[in-house]
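Asker: First the structure, then my questions, so here it is.
Where a number appears in this text, it was derived from the coordinates with a stated rule and is not lab data. Predicted, not measured: the structure shown is a model, and the values here were computed from it. Methodologically, a virtual Cβ is constructed for each residue, glycine included, from the backbone with ideal geometry; neighbour enumeration extends over all protein chains shown.
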Amino acid sequence: MQPLLEGRGLVKRFGQVQALRGADFTVFPGEVVALIGDNGAGKSTLTKVLAGAARPDEGGILFEGAPVTLERPTDAQRLGIETVYQDLALAPDLDGAANLFLGRELLRRGLAGRLGVLDKAAMRRRAVDAFARLGVELQDIDAPIGTLSGGQRQSVAIARAVAWADKVVFMDEPTAALGVLQRGRVLDVVRKVRDAGTSVVLISHNMPEVLSVADRVEVLRLGQRVATFTAADTSVEELVGAMTGALDEGRAA
Amino acid sequence: MSLGETTTDTGPGPGDDAAATTTSTAKSAGEAASSADVKDETVTAPDPRPDLSDTARRLARRLVRTNSAWTFLVLLVLMTAFSIMKPAHFPTTFNLRNVATDAAVLLIIGVGMTYVVITAGIDLSVGSVLVFSGVVAAKTMTGISDVDAGWGPILLGLLAGLAAGAAWGALNGFLVAKAKVPALIVTLGSLGMALGLAQVMTEGQDVRGVPTRLSDTIGNGRVLGVPWLVVIALLVTVLGALALATTRFGRRTYAIGSNAEAARRAGIPVELHLIKVYALCGLLAGLAGILSLARFTTTTIGGHTNDSLGAIAAVVLGGTSLFGGVGTIVGTLIGVFIPAILQNGFIILGVQPYWQSVAVGGVLIAAVYADQLRRRATQRA
Ligand SMILES: Nc1ncnc2c1ncn2[C@@H]1O[C@H](COP(=O)(O)OP(=O)(O)OP(=O)(O)O)[C@@H](O)[C@H]1O
Ligand SMILES: [Mg+2]
């Protein structure tokens, strides 16, 4: 099967630090692929590179088999790639609807729209729906995001990415701040999105969670892909071994 | 899944960037099962109007959240107090008209400053840019004509002044957004440069001989009893407030001030937007320069050293946060009038008007302290 999105030999340096050292990564259509690795392995950096939020120093990106350059996040968004960043990337002073439509504000029809007037009612309505679908309960939909709990904010970020993605959603530790109930909901969302044909890249440190929801697992260590697994025939021990390097040959890609 | 909602125009607005315009692609019904549908452009039912009590409740909540509610109270208390103490002198048309006329120039600068401060920036240069623009306008008018100039030369002068202001603002914005020099330093630099260049152009002498047609109309004339200066300032305020509160340009101004990196990742052209915001601030400083010129018929080069700080104080008094992301033009309107009313009231009461500076300084610090407390209380992690 042709990969949907592929990173090849990606290198990203931050001064002295080399976050990615020739990393490869593959997403197939309609799958949940988990991206795992120890702290500092380069998972978030890889996500940013593939989402157009950071530019690689070397290496290439293929989308549906064709090389693409992702100069900025909008380039990735245009391809149907959305991201839940680890730091969430929300505007804390704006409300949920404004965050959901950040950068993609709806305008009124007609003259008002030509003058740049927002259609706040429509955005609010659609936001309420998008949140409801994920089971996000906001007591006050108009409250600035900064006043919400960490979990609620995370849900808003997830709702935003899921609402706009056509092809791939990257989720960088989307369950990290969540309670048991919310965590279950997010994993349900992940499955639902996959079942609707959109691929999900799930970054997580929680191995049982990874095994329960992912179809495949790719392991990053020190900025390189060191192994890929089919979730159905691997185990927590094997994953941990690949992450830490104890099991160096894994079932290498 | 279709929400049965009305479509919305997502065409680019003027003053906004086509680059980031959404072209919403409707999903096919099959795919739609997932998720998405904030972008669905499926049609039909007209918007159900939200019911009134709900709207009212939301409005009330928003009012409580805004910092300008209590500053408005302060303004009301001041005005009531002065009216009671000096009923024959304070609450008169004559007096209030004077207060408003004096405040007009500061109000116009304050509107631009509000935008800048909401982006978490600052513009110390507006006072100097005001002077520079006034000089450019005056030089243009007196250069191609004289005191009896017709509307043609006057209009040219006005345009030159506005352009000069916008150019300084754009330069500030460019240095802040592209060169990443802190706004405080950039605008401190242009504060000196704009004033210095204005003095170089005039050899330090105020330009006189401004056309009487300008000073008799815009400068000192009235429409329906309201001075032109006040009319123009209110127009700028209303337009500025509407643009900030209801347009995409305004929304993105807040977003950038709230979290510039989030805005960037959401595809907002942050650098370009910042340049526009500083250019707007400069343009309004240019307009203020022209109004000041029209009023005093001379460039008043030395008379605006406190304007930048006055505008910043007004913006902050009005509840706009120096940390960005929060603020309103209505707040700034109130913030301009608190010092103005205080000063006027003190003069009428026979108190030394210098007390106004003392009082405003104290209130200013209190306002920022309140903002700090609010942020600590509401922002988690
Ligand atoms: N903007 C940056 N500037 C400097 N160094 C960075 C930057 N971003 C990442 N790094 C470095 O790159 C390396 C990889 O970081 P990255 O955040 O991608 O790891 P990660 O796998 O996501 O880790 P975690 O599981 O802790 O989130 C780290 O050593 C980090 O310090
Ligand atoms: Mg990370």
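Asker: Taking the Cβ of B:Arg213 as the centre, find all other residues whose Cβ is under 13 Å away and add up their charges (Lys, Arg: +1; Asp, Glu: -1).
Answerer: Every neighbour counted, the sum reads -3.
Asker: Same structure, new question: Mean residue ellipticity at 222 nm from the helices of the protein assembly as shown, using -39,500 (n - 2.57) per DSSP H segment of n ≥ 4 over the full residue count, to the nearest 500 deg cm²/dmol?
Answerer: -17000 deg cm²/dmol
Asker: Mind telling me which of A:Asp140, A:Asp95, A:Asp75 comes out most flexible in a GNM of chain A, alpha-carbon contacts under 10 Å?
Answerer: Judging by the Gaussian network model, the answer is A:Asp140.
Asker: Any idea what Rg and Dmax come out to for the stretch B:120-212 if you just take the C-alpha atoms, in Å?
Answerer: Final numbers for Rg and Dmax: 14.7, 46 Å.
Asker: Same structure again: Order these peptides, B:216-222, B:270-276, B:319-325, by their mean beta-carbon neighbour count within 10 angstrom, highest first.
Answerer: In descending order of packing, they fall as B:319-325, B:270-276, B:216-222.
Asker: Check which residues have an amide H placed less than 5 Å from A:Leu94's amide H, if you skip close sequence neighbours.
Answerer: A:Ile145, A:Gly146
Asker: In addition: Within a Cβ distance under 13 Å of B:Val135, other residues only, what is the Lys/Arg minus Asp/Glu net charge?
Answerer: Net charge in that neighbourhood comes out at 0.
Asker: Now, a different point. With θ set to phi - 60° and the Karplus curve 6.51 cos²θ - 1.76 cosθ + 1.60, what are the ³J(HN,Hα) couplings of the stretch B:122-129 in order, to the nearest whole Hz, using x for Gly and Pro?
Answerer: 7, 9, 7, 8, 4, x, 5, 5
Asker: If you don't mind, there's one more thing I want to ask. Picking from B:Ala359, B:Tyr115, B:Ala245, whose Cα lies most toward the positive end of the charge dipole for the stretch B:69-372 (charges on Cβ: Lys, Arg +1; Asp, Glu -1)?
Answerer: The one lying farthest along the dipole's positive direction is B:Ala245.
Asker: Kindly identify the stretch B:179-247 as rounded, prolate or oblate by the Cα gyration tensor criterion: order the square roots of the eigenvalues as a ≥ b ≥ c, call it rounded if a/c is under 1.5, otherwise compare a/b with b/c, prolate if a/b is larger, else oblate.
Answerer: Oblate is the answer for the stretch B:179-247, as a/c is 1.5 or above yet b/c matches or exceeds a/b.
Asker: Rounded, prolate or oblate: which one fits the stretch B:69-372, using the alpha carbon gyration tensor with axes a ≥ b ≥ c (rounded when a/c is under 1.5, else prolate when a/b beats b/c, else oblate)?
Answerer: The shape class here is oblate.
Asker: Considering every residue in A:129-141, what mean count of other chain Cβ atoms within 10 Å of its Cβ is obtained?
Answerer: For this peptide, the per-residue mean of nearby foreign Cβ atoms is 2.
Asker: Follow-up. Residue by residue through B:240-249, how many Cβ atoms from other chains fall within 10 Å of the Cβ on average?
Answerer: Partner-chain Cβ atoms within 10 Å, mean over residues of B:240-249: 4.
Asker: Roughly how many whole Å is it from the C-alpha centroid of the stretch B:121-157 to that of the stretch A:181-212?
Answerer: 63
Asker: Continuing with the same structure: What's the center-to-center distance, using Cα atoms, between the stretch A:37-54 and the stretch B:324-381 in Å?
Answerer: Computed from Cα coordinates, the inter-centre distance equals 45 Å.
Asker: Right, another one. Quick one: length gained pulling B:Tyr354 to B:Thr305 fully straight, 0.36 nm per residue minus the C-alpha distance?
Answerer: The B:Tyr354-B:Thr305 span can extend by a further 16.0 nm.
Asker: List the residues, sorted by chain then number, that are 5 or more residues from A:Gly37 or on another chain and whose placed amide H is less than 5 Å from its amide H.
Answerer: Under 5 Å from the amide H of A:Gly37: A:Leu220.
Asker: At R0 = 30 Å, how high is the FRET efficiency between B:Ile84 and B:Val226 if r is their beta carbon distance? Nearest 0.05 is fine.
Answerer: Values: r = 26 Å, r/R0 = 0.85.
So the FRET efficiency works out to roughly 0.70.
Asker: Additional query: Does the protein assembly as shown classify as rounded, prolate or oblate by the C-alpha gyration tensor (a ≥ b ≥ c root eigenvalues; a/c under 1.5 gives rounded; else a/b over b/c gives prolate, otherwise oblate)?
Answerer: Prolate.
Asker: Considering the options A:Gly150, A:Ala41, A:Leu20, tell which one lies farthest towards the positive end of the dipole of the protein assembly as shown, charges being +1 on Lys and Arg and -1 on Asp and Glu at the Cβ, about the Cα centre.
Answerer: Ranked along the dipole, the leading option is A:Gly150.
Asker: Summarise the partner chain shielding of A:69-79 as one whole number: the mean count of Cβ atoms from other chains within 10 Å of each residue's Cβ. Each step should come with its number before you reach the end.
Answerer: Numbers: counts 0, 0, 0, 6, 5, 7, 1, 2, 5, 3, 0.
Neighbouring Cβ atoms belonging to other protein chains average 3 per residue here.
Asker: In debye, nearest 20, what is the charge dipole magnitude of the stretch A:176-226 about its Cα centre with +1 on Lys and Arg Cβ and -1 on Asp and Glu Cβ, if you could check?
Answerer: 60
Asker: Quick one: of the DSSP bridges fully inside the protein assembly as shown, what percent are antiparallel, nearest 5?
Answerer: Among the beta bridges of the protein assembly as shown, antiparallel pairing accounts for roughly 60 percent.
Asker: Of the lysine pairs in the protein assembly as shown, how many meet both conditions: Cα atoms under 21 Å apart, and a spacing of 8 or more in sequence or different chains?
Answerer: Close lysine pairs under the 21 Å cut-off: 13.
Asker: Cut-off 10 angstrom, C-alpha nodes, Gaussian network model of chain A. Which of A:Gly103, A:Gly42, A:Gly30 fluctuates the most?
Answerer: Comparing A:Gly103, A:Gly42, A:Gly30 in a Gaussian network model of chain A, the most mobile one is A:Gly103.
Asker: Do you know the relative contact order of the stretch B:69-372, to the nearest whole percent, from alpha carbon pairs under 8 angstrom that are 6+ apart?
Answerer: 33
Asker: Moving on to the next point. Evaluate the distance, in nm, between pseudo-label points positioned 7 Å from the Cα of B:Ala163 and of A:Arg191 along their respective Cα→Cβ axes.
Answerer: 6.6
Asker: Right, next: Nearest 20 debye, what's the magnitude of the dipole of the stretch B:232-381 about its Cα centre given +1 on Lys and Arg Cβ and -1 on Asp and Glu Cβ?
Answerer: 560
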